[in-house]
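Colleague: My questions will all concern the structure given below.
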Amino acid sequence: MNFLDLVKARYSVRSYEQRAIEADKLQYVMECTRLAPSAVNLQPWKFYIVSKPEDCAKMRQCYHREWFSEAPMYIIACSNHDESWKRRRSEPKDHADIDISIAVEHLCLAAAEVGLGTCWVCNFDVELCRSLFGIDAPYEPAVLIPIGYPATSEVPEKTRKPLDEVFVGF
């Protein structure tokens, strides 16, 4: 599959099969995530794999949606603002959120490539997540990613702005 086809195939999955993810597929996704670029290559992140049934039950306390509870496992993407690069101009810009976003999208695209589905979840109880999973500062839970086999093979149609609305000078 070429990159454009992969991007078209990746979507926010909100319905999962109840089957385990093979270790080699998970390892592949983790390796693709690990290799994501970051500002000044500081890699200000940590990813927590949540796969044990008792830990998945804890995860479901952090975000109360029925579809979220269907996922067979989760990944907690955490950023470290103490280690991230800061642009030092008139107004400093912390790149931790940008870096974690790049890494999470690598994760989502790698998962789609091997037939897995994911969904970005950013509106969750951060402090509860910290507490339940022992995530201490300076790490901040930034994104929860349910991951598993999509319950359907149908890829929903994507609606996106046309190129001339997105690119200036096109």
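The values are calculated or read from the model by the stated rules, or taken from the named source; none is laboratory data. For clarity, every value in this text was computed on a predicted model and none was experimentally measured. Positions of Cβ are backbone-derived with ideal geometry, glycine not excepted, and every protein chain shown enters the neighbour counts. With ligands, DNA and RNA removed, areas are computed over all heavy atoms of the protein, side chains included. Shrake-Rupley method; radii C 1.70, N 1.55, O 1.52, S 1.80 Å.
Colleague: Of the residues Y74, Y16, only one is open to solvent by less than 40 Å² (accessible area, probe 1.4 Å) and more than 20 Å from L132 (Cβ to Cβ); which?
Modeller: None of the others qualify; the one that does is Y16.
Colleague: Another one. For residues in the range 1-11 being open to solvent by less than 70 Å² (accessible area, probe 1.4 Å) and in a helix (DSSP H, G or I), which is farthest from R160 (Cα to Cα)?
Modeller: Only one residue fits best here, namely L6.
Colleague: May I ask you to list the residues in the range 127-161 that are among the β-branched types (V, I, T), in contact (Cβ under 8 Å) with a residue 40 or more places away in the chain and either within 21 Å of A71 (Cα to Cα) or open to solvent by 70 Å² or more (accessible area, probe 1.4 Å) (or both)? Give the steps one after another, and end with the answer.
Modeller: The initial filter retains those residues of the range 127-161 that are among the β-branched types (V, I, T), namely 135, 143, 145, 147, 152, 155, 159.
Applying the additional criterion that residues be in contact (Cβ under 8 Å) with a residue 40 or more places away in the chain yields 135, 143, 145, 147, 152, 155.
Of everything in the range 127-161, those that are among the β-branched types (V, I, T), in contact (Cβ under 8 Å) with a residue 40 or more places away in the chain and either within 21 Å of A71 (Cα to Cα) or open to solvent by 70 Å² or more (accessible area, probe 1.4 Å) (or both) turn out to be V143, I145, I147, T152, V155.
Colleague: Among all residue pairs at least 6 apart or on different chains, which show Cβ distances below 9 Å where the first residue, located in the range 1-21, is under 17 Å from I145 (Cα atoms) and the second is among the basic types (K, R) and at pLDDT 95 or above?
Modeller: R14/R65
Colleague: Given (1) touching a helix residue (DSSP H, G or I) at 6+ places or on another chain (Cβ under 9 Å); (2) open to solvent by 30 Å² or more (accessible area, probe 1.4 Å); (3) under 29 Å from E17 (Cβ atoms), identify the lone condition not met by A111.
Modeller: Result: A111 fails condition (2) only.
Colleague: Sticking with this one: Give the residue that is farthest from E17 (Cα to Cα), with candidates limited to residues of the range 33-90 that are part of a loop (DSSP other than H, G, I, E, B) and among the polar types (S, T, N, Q).
Modeller: S90
Colleague: OK, next. Based on what the data block shows, is F124 of a type outside the set (S, T, N, Q) and either open to solvent by less than 10 Å² (accessible area, probe 1.4 Å) or part of a helix (DSSP H, G or I) (or both)?
Modeller: Against the criterion (of a type outside the set (S, T, N, Q) and either open to solvent by less than 10 Å² (accessible area, probe 1.4 Å) or part of a helix (DSSP H, G or I) (or both)), F124 does not qualify.
Colleague: Next up: Is it true that S90 is open to solvent by 90 Å² or more (accessible area, probe 1.4 Å) and under 24 Å from V7 (Cβ atoms)? Walk me through how you get there before you give the answer.
Modeller: On the way: open to solvent by 90 Å² or more (accessible area, probe 1.4 Å): yes; under 24 Å from V7 (Cβ atoms): no.
Answer is no for this residue.
Colleague: Would you pick out the residues in the range 12-32 that are in contact with a helix residue (DSSP H, G or I) (Cβ under 6 Å, 6 or more places away or on another chain) and in a helix (DSSP H, G or I)?
Modeller: Result: V29, C32.
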